[in-house]
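Student: Input: one structure, supplied below.
The values are calculated or read from the model by the stated rules, or taken from the named source; none is laboratory data. Just so it is clear, the model here is predicted, and its values are computed rather than measured. Positions of Cβ are generated from backbone atoms using ideal geometry, with glycine treated the same way; all protein chains shown enter the neighbour counts. These area figures cover heavy atoms from the full protein model, side chains too; ligands, DNA and RNA do not enter into them. Shrake-Rupley method; radii C 1.70, N 1.55, O 1.52, S 1.80 Å.
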Amino acid sequence: MKLKIYSGAEIRDMRKRLGLTQSEFWSRFQVTQSGSSRYETGRDIPEPIQLLLNIALGTDLKMTSIVNELRELRKSGK
């Protein structure tokens, strides 16, 4: 599965276009306001959060692909 790697600046711009505060946007991903501030100012966004961003912000096809791959991992016991 190839994930899109979102930059903090890219997410900040998207969040602002949506008219959301950091807390409003990032709470959906269980990220605190201080964590979101770190991400939006240049710290790397961890892989688990990148995965959630891909599910939430990607296409339906991408979301389905990610979820199906995760289900296969669970079935294989990895």
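Student: Can you list the aspartates and glutamates whose alpha carbon is less than 19 Å from that of K16, not counting same-chain residues fewer than 8 positions off?
Tutor: E24, E40
Student: Ignoring any ligand, DNA or RNA, what whole percent of the accessible area of the chain comes from carbon and sulfur when the probe is 1.4 angstrom? Before the final figure, lay out the partial values.
Tutor: On the way: 2870 of 5400 Å².
It is 53 percent, rounded to a whole number.
Student: Using the Karplus curve 6.51 cos²θ - 1.76 cosθ + 1.60 with θ = phi - 60°, what ³J(HN,Hα) values do you get for each residue of region 46-57, in whole Hz, with x for Gly and Pro?
Tutor: x, 3, x, 6, 4, 4, 5, 4, 5, 5, 6, 9
Student: Right, something else. Which value, in Å², gives the accessible area per residue of the chain when a 1.4 Å probe is used on the protein heavy atoms?
Tutor: Details: 5400 Å² over 78 residues.
For the chain, the per-residue accessible area is 69 Å².
Student: Would you compute, from DSSP H runs of 4+ residues alone, the mean residue ellipticity of the chain at 222 nm, taking -39500 (n - 2.57) per run and dividing by the full residue count, rounded to the nearest 500?
Tutor: Numbers: 5 runs with 51 residues, N = 78.
Result for the chain: -19500 deg cm²/dmol, rounded to the nearest 500.
Student: Only sites in a loop by DSSP and with at most 11 other Cβ atoms within 10 Å count here; which trypsin sites (Lys or Arg not before Pro) in region 4-54 make the cut?
Tutor: Working: sites: K4, R12, R15, K16, R17, R28, R38, R43; in loops: K4, R43.
When the trypsin sites (Lys or Arg not before Pro) of region 4-54 are filtered for loop state and at most 11 Cβ neighbours within 10 Å, K4, R43 remain.
Student: Distance in nm between label sites at T21 and R43, each 7 Å beyond Cα in the beta-carbon direction?
Tutor: My value for the distance between the label points is 2.0 nm.
Student: Can you pull the percent of Cα pairs in the chain with separation above 15 Å? Kindly include the intermediate steps, with their values, before the conclusion.
Tutor: Values: 1740 of 3003 pairs.
Cα-Cα pairs of the chain separated by over 15 Å account for 58 percent.
Student: Using 0.36 nm per residue of separation minus the Cα-Cα distance, give me the extension gain between R71 and A9 in nm, one decimal.
Tutor: Numbers: separation 62, 0.36 × 62 = 22.32 nm, distance 3.12 nm.
Difference between extended and current length: 19.2 nm.
Student: Tell me, what is the 1.4 Å probe accessible area of M14, in Å² to the nearest 10?
Tutor: M14 exposes around 40 Å² with every protein chain in place.
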